[in-house]
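Taking it in order: structure first as structure tokens, then the write-up.
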Amino acid sequence: MNSKKLALMFCMFFLIISCKKDNKIISFTFLQLNDVYEIAPIQGGKFGGLARVESIHKTLLKENKNTLLFMAGDFLNPSLIGSLKVNGERIRGKQMIEVMNAMNFDLVAFGNHEFDLPYKDLQKRLNESTFSWIAGNVSHNDSLKRPFHKKVNSQIEYIPETYIKELVDDDGTSIKVGFVSVCIQSNPKDYVVYDHMFKKVKANYEALKDSVDVVFGLTHVKITNDKRIAKLLPEIPLIMGGHDHTNMRVETKNGVITKADANAKTAYIHRIFYDKETKEITVNSELKEINNTIKPDRKVDSIVNKWQSILTTEISKVIPKPNEVIYSSTIPLDGRDAPIRSEQTNLGEVITESMSFVFDNKVDCALVNGGSIRIDDQLVGAITAMDIFRVLPFGGAIVKAKIKGRLLKRVLDYGELASATGAYLQRFNTNKVGDTWYINNQKINLNKTYIAAFSDYLLKGFDIPFLSPENKEVYSVYHPKEDEKAYDIRKAVVSYLKTK
């Protein structure tokens with residue numbers, strides 16, 4: 001063998017050895033979503049859409065096989081599709097599970113809206129899911145105080161408080177990444193046990209940290225809570241959070257907290273580099289807008305279209321042309337849970353003005369409980385009739401009642417004190433100055449008889465126990481006929497916005 005061939009063989013040998021040699025750095029990618037209630041694009045198709053997200057997901061997987069897809073809570077509820085029935089059973093997040101299974105999500109955290117579902121429906125969704133869940137500080141409040149679980153091939157799999165994923169590098173070496181999680185105790189349900197979020201996340205971190213190389217957060221709490229967690233656990237380089245609905249990137253002492261926009265208007269891409277020798281970690285985060293320039297993934301899009309067809313078929317039975325643009329807003333109409341249940345918002349004003357409008361503005365005021373407004377998002381740009389149905393998925397009539405001023409004051413006071421709950425009242429033609437309520441710019445007269453428009457749900461006494469037709473200070477109640485716009489609050493809002 002001549003010297004040139006020998007030298008070439010040695011070069012090839014050392015090249016192979018060098019390729020196999022550990023290069024110290026392992027890179028991996030996280031794709032983060034949070035607060036996604038709509039599987040299809042929103043705002044006239046301009047933003048969002050999980051089929052578009054899946055295209056991004058597949059591109060990232062080609063870039064790096066160690067790409068993980070996360071949902072930081074809130075996806076099973078609320079949605080207009082979820083409120084509909086198929087074969088006599090409410091959908092309640094089934095559409096979301098089918099789409100997310102097709103996208104091969106890696107890990108999801110519980111959000112507070114997962115617990116809007118009755119337990120039996122939540123259990124069905126857990127059983128249907130093929131991805132992993134992390135429970136953090138929430139567990140099932142059954143007689144045995146067991147964790148939540150899902151059944152897989154008739155076997156019970158308990159949902160862990162923490163999660164570990166092993167990532168294998170191209171050179172054959174691997175690292176283990178761990179995750180901790182917490183969920184906000186918002187509108188708590190009897191079937192859920194909520195442990196103290198800060199004590200629990202600290203305990204879970206301590207129990208996990210020695211079993212993994214690095215720990216990340218996947219949370220569904222307010223940003224103020226995330227900041228406290230970051231301060232409590234400064235070793236965590238990245239907390240992927242939800243609940244706040246607007247994108248943010250908050251630097252912490254040793255890391256970052258990120259949240260994407262609700263309904264997949266944006267997603268966060270985190271490209272992470274971990275030095276296996278020094279244990280140093282670098283997180284490069286990119287906020288990616290999910291818009292109509294992204295070609296949807298064909299497989300996921302077919303599932304989305306199937307459910308959208310079901311939605312259109314069912315809604316078309318109630319209102320013609322559900323996708324017709326009825327209004328264009330340059331200012332976001334705020335229907336997010338936190339404000340809609342604690343302060344007067346412009347979307348609440350639109351709804352209550354609509355309630356007056358359908359009675360030819362011949363009412364003194366209009367009131368609706370904030371809990372009836374379920375979109376938990378902001379509407380901006382082209383608004384369709386379908387959007388309004390998403391805002392008020394349960395519909396219901398608007399009733400007109402003659403009530404005594406003293407009772408009206410009690411109702412208004414109760415609604416104000418119910419701040420942060422579904423009983424908080426969105427109002428039209430009422431305001432408070434100091435301790436005094438005003439109706440139509442006049443001080444409320446406790447002995448006067450007022451004509452008020454209410455959602456029929458509110459007048460049934462569910463949120464305000466003393467507000468019902470049985471109260472002797474409710475003198476009369478008018479229930480609209482089926483051919484009147486007041487018969488369905490959603491149609492009332494659509495009719496009103498068409499005049500604007």
Taking region 273-328, which residues are among the acidic types (D, E), under 30 Å from T499 (Cβ atoms) and touching a strand residue (DSSP E or B) at 6+ places or on another chain (Cβ under 7 Å)? E324
Among the candidates V180, V138, V168, which residue alone is in contact with a Gly (Cβ under 7 Å, 6 or more places away or on another chain), closer than 23 Å to S211 by Cβ and either surrounded by fewer than 15 Cβ atoms within 10 Å (Cβ to Cβ) or modelled with pLDDT of 95 or more (or both)? V180
Among the residues of region 391-414, write down those that are closer than 26 Å to K485 by Cβ and touching a Lys or Arg at 6+ places or on another chain (Cβ under 8 Å). V391, L392, P393, F394, G395, L412
Please go through region 445-463 and give me each residue that is surrounded by fewer than 21 Cβ atoms within 10 Å (Cβ to Cβ) and among the aliphatic types (A, V, I, L, M), ordered by number. L446, I451
Give just the number: which of (1) surrounded by 13 or more Cβ atoms within 10 Å (Cβ to Cβ); (2) out of contact with any Ser or Thr (no Cβ under 7 Å at 6 or more places or on another chain); (3) not charged (D, E, K, R) does I326 not satisfy? (2)
G48: surrounded by fewer than 21 Cβ atoms within 10 Å (Cβ to Cβ), assigned by TED's automatic domain parsing to the domain that holds L126 and at positive phi, yes or no? no
Against the definition (closer than 26 Å to E89 by Cβ, modelled with pLDDT under 90, more than 21 Å from the chain's Cα centre (by Cα) and surrounded by fewer than 24 Cβ atoms within 10 Å (Cβ to Cβ)), how does K306 come out, yes or no? no
Entirely in region 99-192, the strands (runs of 3 or more DSSP E) that have 3 or more residues that are farther than 30 Å from Q308 by Cβ and touching a residue at least 40 places away in the same chain (Cβ under 8 Å): 138-140, 162-168, 174-180
Going by what's in this entry, would L287 be described as at pLDDT 95 or above and under 17 Å from V177 (Cβ atoms)? no
Limited to region 59-95, what total is found for residues that are among the charged types (D, E, K, R) and within 18 Å of M386 (Cβ to Cβ)? 1
Tally time: how many residues in region 200-246 are in contact with a helix residue (DSSP H, G or I) (Cβ under 7 Å, 6 or more places away or on another chain) and surrounded by fewer than 17 Cβ atoms within 10 Å (Cβ to Cβ)? 3
Any idea which residue in region 313-338 is farthest from G396 (Cα to Cα), counting only those that are in a helix (DSSP H, G or I) and out of contact with any Pro (no Cβ under 7 Å at 6 or more places or on another chain)? A338
Reported set for region 347-377 where residues are assigned to a loop (DSSP other than H, G, I, E, B), within 26 Å of N263 (Cα to Cα) and of a type in the set (A, V, I, L, M, F, W, C) is I373, I375
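The values are calculated or read from the model by the stated rules, or taken from the named source; none is laboratory data. Just so it is clear, the structure is predicted and the values come from calculations on it, not from any experiment. Note that we place each Cβ from the backbone using ideal geometry, even for glycine, and neighbour counts take in every protein chain shown.
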